[in-house]
Amino acid sequence: MGDAWLNEVVVRDRSIGSLRDTIGESRLLRVEGAARQLLAALRGRRIVNINSTPTGGGAAEMLQNLVAYVRGLQIDCRWLVIGGDAVFFTITKRIHNRVYGFSGDSGALGDAERRHYERVQSVVAEQLVAFLRPDDLVLIHDPQPLGLAPAIRDLGARTVWRCHIGTDYRNEFTEEAWDFLRPYLDRLDAYVFTRASFAPTWLDPSRVVIIPPSIDPSSPKNRPLDGRTVHRILAHCGLQRGEPGPTLTFVRADGSRTLLRRHADVLQSGPPAPPDAPLVVQVSRWDRMKDMGGVMQAFADNLAQMGDAHLALIGPAITGYADDPTAAEVLVDSVTLWRTLPHEARGRIHLACLPMTDPEENALMINAVQRQAAVITQLSLAEGFGLTVAEAMWKSKPVIASRVGGIQEQVIDGTGVLVPSGDHDAAAAALAELLADPSRRAAMGRAAHERAQTFFLPDRHLLQYGELFLGLCDR
């Protein structure tokens, strides 16, 4: 098991005071007061997060932001990442798909898979035990590192599992996944889910905590960009016609200024989209549950109803997700589908892979394309919580999304349109209506921003985690 390993991610402290102008003085004081209370209760104990990737995906993105804010509040908060071999990540991707109710690949989750999963965990656990202290509070994220839970619990640390995925319904695939995971969930101190309906009924309900995710408005992905800067970034990336102009720089999270060096890998027939054409955008991982192909087909089949709009399907470079072995296959399928479309449709549908080498560059590119969008879609077949939905709402963009999972916690009447999962006709009809009605788009965007401001920013998220950890200290 030489491929199993454990690394610590170094995160710079970030002051919660940087959000003062966004959340207001009263919300800021509430977070600072809760942090002082928790700091006293911790009495020097650490909060340790464990997941399976430092970049790519919503969990890693949230950890990058939340750990920075917690450290800025003078609380000792750490972040560890585990690694494994290709077989391990094939198994955990299979679990991931089946928790959502899909078969994924045709592989099993039997005794052989369990033995391999546990072998990787045992190698990582040997390294982890040397790092952890018995008084730590440990937050394990998602199925990949969950097998470490018994070793962490036996060490004496308070142990919490944070599950970022789930579905509102149960079928043979969800039951198979939960049967696989159940042995590692025994006697943990708490279980955190995005929605109550995601939690298996056999978990102790007194230990189930509901904490929806959040976005960071000060991050490169969400900070304000003026129209000229948006145009220059998109022209630089190859996603919009025009010239990026002279040297293009941006400000990093640490305040330093640096060049925007990398470009997107864009598949398109003819030139990029013109700056004045309405742009429909979906930003997703290359994952079958995101249904990028369905979005593409729905747009192409109803091209005449879309006016002069263009569609941009934006995903990461496939090397950006070490824990997702199927991304390349999904991307190839998307490209194959695009090549079968009529010429006119291919001229208005753009597939882009954004580089993941520098996460802040990647975030800036996503920020620009979302701000250019007239409408943002998230037509997932299943979704724990759509961070891209919250990002769109924060940027005052109307959202057309599937009525699934955590998206239902985000989009309400007046902030966007929810359609049945997999109903491409309904999605196309909603999209055509919004594209034809700029005033309705603007009203929805304003309402969406207000909802994101109230419910999906870091202060609410930090307060809920603080309450959880305070309870663990008192237990």
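The values are calculated or read from the model by the stated rules, or taken from the named source; none is laboratory data. Keep in mind the model is a prediction, meaning the values are calculated, not measured. FYI the Cβ positions are ideal-geometry reconstructions off the backbone, even for glycines, and counts take in every protein chain you see. Areas reflect the complete protein model, heavy atoms only, side chains present, ligands, DNA and RNA absent. Shrake-Rupley method; radii C 1.70, N 1.55, O 1.52, S 1.80 Å.
Descriptive notes on the structure:
- Cα gyration tensor category, rounded, prolate or oblate, for the range 377-475 with a/c compared to 1.5: oblate
- Inter-label distance, VAL251 to ASP105: 4.5 nm, where each label sits 7 Å from its Cα along the C-beta direction.
- Computed from backbone phi with θ = phi - 60° and the Karplus coefficients 6.51, -1.76 and 1.60, the 3J(HN,Hα) list for the range 242-257 is x, 10, x, x, x, 2, 9, 10, 8, 9, 7, 4, 7, x, 6, 10 Hz; x is used for glycine and proline.
- Carbon + sulfur, % of accessible area of the chain - ligands and nucleic acids excluded, 1.4 Å: 51
- Above 15 Å, the calculated P(r) of the range 238-293 contains 68 percent of its Cα-Cα pairs.
- Efficiency of FRET from Cβ geometry, GLU25 and ASP358, R₀ 30 Å, rounded to 0.05: 0.30
- Restricting attention to the chain, close to 20% of DSSP beta bridges with both partner residues there are antiparallel.
- Selection from THR194, SER214, ILE233, by position along the positive dipole direction of the range 161-234 (Cβ): ILE233
- A simple spin-label model places the labels of ASP154 and ILE210 3.6 nm from each other, with each point 7 Å out along Cα-to-Cβ.
- Only one residue of GLY156, VAL87, GLY422 has its Cα farthest out toward the positive end of the dipole of the chain, where Lys and Arg carry +1 and Asp and Glu -1 on Cβ, and that residue is GLY156.
- Measuring how big the chain is from its alpha-carbon positions, Rg and Dmax come out at 21.9, 65 Å.
- Degrees between helix 327-340 axis and first principal axis of the chain (Cα, 0 to 90, nearest 10): 10
- ASP76 sits among other residues whose Cβ lies under 10 Å from its own Cβ, and their net charge, with Lys and Arg +1 and Asp and Glu -1, is +3.
- Taken about its Cα centre, the chain carries a charge dipole of about 1180 debye when Lys and Arg each add +1 at the Cβ and Asp and Glu each add -1 at the Cβ.
- Charge dipole (debye, nearest 20) of the range 420-475; +1 at Cβ of Lys and Arg, -1 at Cβ of Asp and Glu: 180
- Cα-based shape type of the range 237-362, given that a ≥ b ≥ c are square roots of the gyration tensor eigenvalues and the cut on a/c is 1.5: oblate
- Length-normalised contact order for the range 1-119 - Cα pairs under 8 Å, 6+ apart - percent: 35
- Other residues whose C-beta falls under 15 angstrom from the C-beta of LYS397 contribute a net charge of +4, scoring Lys and Arg +1 and Asp and Glu -1.
- On the beta carbon distance between ARG339 and ARG36, with R0 = 60 Å, the FRET formula returns roughly 0.55.
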